[in-house]
Amino acid sequence: ARARTPTSAMASSSNGPALRPGRPKARRAFTGFTLLELIVAFAVIALLLGLAPVAFGKLMETSQYRSTVRHMLAGLTAARQMSIQTGQSTLFAVDMEKRVFGPQGKMDQTLPDSVDVRLVIAGLEAGQGGGGIRFLPGGGATGGSVDVLRRSGDGVRLRVDWLLGTVTQEPISR
């Protein structure tokens, strides 16, 4: 009597294919999520939902800060151009009490609560609750700087040259 001996675990015998290693004998009827998997998934979702308001608040604060810097820079440049074009001096003013700023007669930009402003200006341009920088028709200015600051203390300094009236921007760190 001769018997066939399989040469590998994968080979078949006369009784049919041999069992394959690593393969379960019976399959599960239901393939869903375990309770542990669901708890982990809900914990991750809760963590993300808990962090979303903080991230959104910082995003809004950064957006308001950048918008204020852009509007302030544009206002200073517009006041200089207006002065040169009209041949009359033009004041760029900041009212700290009302929290508004802009060129003379057009103070329509508001300062958000998350942004602070410091002025370094000539004494004759200082007023109650604020002050400004006057641009002259010849291109010069009274000079000074406007510091736009975040709550953290970082920010930018918008510096106005008294001789040429040019506006430059430089970072401020704590």
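The values are calculated or read from the model by the stated rules, or taken from the named source; none is laboratory data. Remember, predicted model here, so these are calculated numbers, not experimental data. So basically every Cβ, Gly included, is an ideal-geometry build from the backbone, and we count neighbours across all protein chains shown. In case anyone asks, the SASA skips ligands and DNA or RNA and just uses the protein heavy atoms, side chains included. Shrake-Rupley method; radii C 1.70, N 1.55, O 1.52, S 1.80 Å.
How many residues does the stretch 117-137 contain that are open to solvent by less than 80 Å² (accessible area, probe 1.4 Å) and out of contact with any Asp or Glu (no Cβ under 8 Å at 6 or more places or on another chain)?
9
Suppose we filter the stretch 159-168 for residues that are surrounded by 22 or more Cβ atoms within 10 Å (Cβ to Cβ) and at negative phi; how many remain?
2
Please work out which one of (1) open to solvent by 60 Å² or more (accessible area, probe 1.4 Å); (2) assigned to a strand (DSSP E or B) is the condition T31 fails and give its number.
Result: T31 passes all but (2).
Filter the stretch 142-154 down to residues that are open to solvent by less than 10 Å² (accessible area, probe 1.4 Å) and in contact (Cβ under 8 Å) with a residue 40 or more places away in the chain and give me whichever is nearest to F92 (Cα to Cα).
Checked the stretch 142-154; the qualifying residue nearest to F92 (Cα to Cα) is V146.
In the stretch 94-116, how many residues are in a strand (DSSP E or B) and open to solvent by less than 40 Å² (accessible area, probe 1.4 Å)?
Selection size over the stretch 94-116: 6.
Can you list residue pairs whose Cβ atoms sit under 7 Å apart, with the first residue in the stretch 124-135 being outside any strand (DSSP E or B) and the second being open to solvent by less than 20 Å² (accessible area, probe 1.4 Å) and not hydroxyl-bearing (S, T, Y)? Count only pairs 6 or more apart in sequence or on different chains.
Pairs found: E125/G131; E125/G132; E125/I133.
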